[in-house]
Amino acid sequence: MNPHDQGVGVDRPYARRPGAPRFWEPEPWPDARWPIPQQQGRPSVAMHGRETKPVFSTALPPRGVSGAMRRLAYRLPDHQPNRWLLLLAADRVEVWGRRLPKLIVFALPLAIGVGAWRASPALRWSPRWAAARRAPRYMGRMAARALR
Amino acid sequence: MVTVCSGRRGRQIERMRALTYDGPNRTKVRQKAEPRIEHPMDGIVKVRAAAICGSDLHLLHGMVPDTRIGSTLGHEFVGEVVEVGPQASGARVGDRVAVPFNIFCGACWYCSRGLTSSCENTNPANDLACGIYGYSHSMGGYEGGQAQYVRVPFVGVDAEPIPDEVDDLDALAVTDSMPTGYQAAEMANIRGGETVVVFGAGPVGLFAMKAAWLFGAGRVIAVDEVDYRLEFARRFAEVETIDFRDGDVVETIRAETNGRGAHACIDAVGLEAAGSPVQRALGIRGKMVAGSAAALNTAIQCARKGGTVVAIGVYGPPWTLMDFGTAMNKQLTIRTGQCSVKRYMPRLFEHIRAGRIDAQQVFTHRLSLEEGPGAYHTFAKKRQGCIKVALYPNGAIH
C-alpha cells in the first residue's frame, strides 16, 4: 500500500461507493419532469421507423450527397454493421466534397498551364513529345495486326 | 457573443466563436450562430473553461461515424448559466456549474437507476448511448463546449453547481475524465490489497490510478510508452510504471504477481492504441475496424484467471478485433461503459475539497480558444509534455 498517498482506502467500504452497481431504489433525479415536454422542430439526425425523442439537436442537418448517404444509413437499424460503414463512407464523401473545390482552384490553372505549354510551337518540334503522340496510334496498329 | 450582422429581413444574428471539426486531422475556429433555447427545460451556459479530452482525438482522426464538418467539439466544460427555459427548475441564471458530458433527462428507466449515460430520451440516432455534447451525430449531434456559449438540455437536472471553494479547473476534470477514471476503479471490484494495472497514463488513466488507491488497492502499476507520461504518473499518482516498449509486458506483469497476473486491469487507452502493427494497419490506418484493440487485448492477457478487465477507453461501432477467446477461457469479468458522471460528482467534489485529488495538475496546457487547433495536434502527438489541455473561450486564462 502506498503510504504517501492521502486517502488510501477511504472509499473501500461499499456504502461509500456511488455506483456500479447502484445500491438504492430507482428514483428520478431532483427537478426531473415526467412526461418530458416535446421539443418542436426537426432533429438533425434523420431516424426512420423510430419514435421521436423529446429532446434533440437541430445543428447541421444532413445535406448533399453525404446527407443522402446518411439518410440512407439511418434507415438501417443500428445493430447492422452496414449502417456504420455507410456513415463512415458518408463522412469521407463530405470531406472530399469540401476539399475538391479547394483543389480545383489550384488544379484548374495548372491544367490550363500544362495544356498551353504542350501546345506551344517549341514543343511541336520536340522529338520526345512527337514520339509520345505517335505511341497510341502505333499501339493501335499493332493491336489491329495481332487481331488479324 | 457579438452582434455582427443583421439577417435578410433585418433580424439581428448573434455570433460567437467555436472550435469546430473540419475533416480528419483538422479543426478550425469559426464564427457560429449563438445557441438558443429550443426546449422548455434547456439552458444556455457561458463557458468559463473547456477541456480537450482524449476521446476528442477519435473525432479528430475521423474514427467516429457521422462526424459532420462544422460541428463544435468538446464535451468537457464548466460555465455560468446565462439563460434558462421556462420549465428548467433547478438552475438559476448566474449559477457556476459543471456540466456532465452525458445529456440525460433524469426521469427515464435508466436515469432513475443512476445509469444516466444510457438515458433513452436524448439520442435520436441510436440505442447505444445517450446524447453527448460535441461528439458526432452518432451521439445526437449536440453542439460542444469548446465555444463561447452552449445549449444545455435539462440544465436544471444535469448541471451540477460547483462549490465555492472548488476551482474551475478542478470542476472541469469532474465533468468527464475524473469520474471516468473513478468509475473504472470502482468497476475493478477492489476490496483491499489487490494489484491493479492501468494501461494508459493519460488523464483518465491517471485518475483511475488515484481512485484505485482510494478504493484500497495494494499495488498500482501504470503501463504506457511515453516517457514523460510515465514520469508524470509516478509523481502524480505515486504508482509503479512499466514502459510498454521494454520487453513483454504480459511476462513482466506475471513476474511481478507470482506468475498469476493482476487482479484487475484497466484499459484507459481506447481505439488509438499502439503496440500491434496488425491492429494499427486494420484499425487506425485502414479504418476497417473501430480502431486498435491492442491495449484491451494486452489487458486481457495481463489479468489473472478469474480477474477483472475494465474497458473505459472508447471503442466505437461497428466492431473490434478483441481476443474474446482468452477472456472466456480465463473466466474474466469484463466491466465497461460510458461513465454516468452525475452520480459521481458530489463524491468527487468531496475528494477535491479534502485534498485527496489535485485535478488541476493534469492541465499542463491552458490556452485560448484560438490556440485550440494547435493544441489538438500537440495533445494528439504527445508533444511538449502535454497531459491535458484547458481552453478558455471567453478569454479569462488563469
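The values are calculated or read from the model by the stated rules, or taken from the named source; none is laboratory data. Keep in mind that this is a model prediction, so the values were computed, not measured. Ideal geometry is used to build each Cβ from the backbone, glycine not excepted, and the neighbour counts take in all protein chains shown.
Some notes on this structure:
- The one condition in (1) farther than 20 Å from B:I334 by Cα; (2) buried (at least 24 other Cβ atoms within 10 Å of the Cβ) that B:G275 fails to fulfil: (2)
- Checked against (1) among the hydroxyl-bearing types (S, T, Y); (2) at the interface with another protein chain (Cβ under 9 Å from one of its Cβ atoms); (3) under 25 Å from A:G41 (Cβ atoms), B:S118 passes all but condition (2).
- Residue list for region B:255-277, restricted to those being in contact with a strand residue (DSSP E or B) (Cβ under 9 Å, 6 or more places away or on another chain) and either more than 14 Å from B:V198 (Cβ to Cβ) or in a helix (DSSP H, G or I) (or both): B:E256, B:T257, B:R260, B:G261, B:L271, B:E272, B:A274, B:G275, B:S276
- Residue in region B:85-105 that is out of contact with any Leu (no Cβ under 6 Å at 6 or more places or on another chain), acidic (D, E), at pLDDT 95 or above and farther than 23 Å from A:R71 by Cβ present: yes
- Yes/no for B:D95 being more than 10 Å from chain A (Cβ to nearest Cβ) and either over 19 Å from B:Y315 (Cα atoms) or small (G, A, S) (or both): yes
- Search result, residues across region A:12-49 that are surrounded by 14 or more Cβ atoms within 10 Å (Cβ to Cβ), modelled with pLDDT under 90 and out of contact with any Ser or Thr (no Cβ under 8 Å at 6 or more places or on another chain): A:R12, A:R17, A:P18, A:A20, A:R22, A:A46, A:M47
- Selection over region B:338-358 of residues that are over 27 Å from B:E238 (Cβ atoms) and either more than 8 Å from chain A (Cβ to nearest Cβ) or small (G, A, S) (or both) gives a count of 2.
- Filter result for A:P109 (more than 8 Å from chain B (Cβ to nearest Cβ) and not small (G, A, S)): yes
- Residue match in region B:295-316 (condition: at pLDDT below 90, out of contact with any Pro (no Cβ under 8 Å at 6 or more places or on another chain) and within 12 Å of chain A (Cβ to nearest Cβ)): no
- Residue ID - surrounded by the most Cβ atoms within 10 Å (Cβ to Cβ), chosen from residues in region B:124-135 that are in a loop (DSSP other than H, G, I, E, B) and modelled with pLDDT of 95 or more: B:G134
- Of all residues in region B:236-270 being touching a Phe, Trp or Tyr at 6+ places or on another chain (Cβ under 8 Å) and in contact (Cβ under 8 Å) with a residue 60 or more places away in the chain, the one that is surrounded by the fewest Cβ atoms within 10 Å (Cβ to Cβ): B:G270
- Output for region B:144-190, where each listed residue is of a type in the set (S, T, N, Q) and modelled with pLDDT of 95 or more: B:Q146, B:Q148, B:T175, B:S177, B:T180, B:Q183
- Of all residues in region B:49-84, those being surrounded by fewer than 22 Cβ atoms within 10 Å (Cβ to Cβ) and more than 9 Å from every other protein chain (Cβ to nearest Cβ) number 5.
- Scanning region A:58-87 for residues that are more than 7 Å from chain B (Cβ to nearest Cβ), of a type outside the set (A, V, I, L, M) and not in a loop (DSSP other than H, G, I, E, B) yields A:G64, A:S66, A:G67, A:R71, A:N82, A:R83.
- Residue check for B:V310: of a type in the set (V, I, T) and assigned to a loop (DSSP other than H, G, I, E, B): no
- Taken as a whole, region B:22-36 holds at least one residue that is surrounded by fewer than 24 Cβ atoms within 10 Å (Cβ to Cβ), of a type in the set (V, I, T) and more than 30 Å from A:L72 (Cα to Cα).
- When A:V93, A:V10, A:V45, A:V55 are checked against the criterion of being under 19 Å from the mean Cα position of the chain (by Cα), of a type in the set (V, I, T) and within 7 Å of chain B (Cβ to nearest Cβ), A:V45 stands alone in meeting it.
- The criterion of being closer than 28 Å to B:D66 by Cα, within 14 Å of chain A (Cβ to nearest Cβ) and not in a loop (DSSP other than H, G, I, E, B) holds for B:R335.
- Test: residue in region B:38-51 that is touching a Lys or Arg at 6+ places or on another chain (Cβ under 7 Å) and farther than 23 Å from A:A32 by Cα: yes
- Matching residues, region B:98-115, being touching a Lys or Arg at 6+ places or on another chain (Cβ under 9 Å), more than 8 Å from every other protein chain (Cβ to nearest Cβ) and not in a loop (DSSP other than H, G, I, E, B): B:N102
- Checking B:S292 against (1) modelled with pLDDT of 95 or more; (2) over 20 Å from B:M209 (Cβ atoms), the condition it does not meet: (1)
- Verdict on B:I312 being surrounded by fewer than 23 Cβ atoms within 10 Å (Cβ to Cβ), in contact with a helix residue (DSSP H, G or I) (Cβ under 8 Å, 6 or more places away or on another chain) and closer than 22 Å to B:V197 by Cα: no
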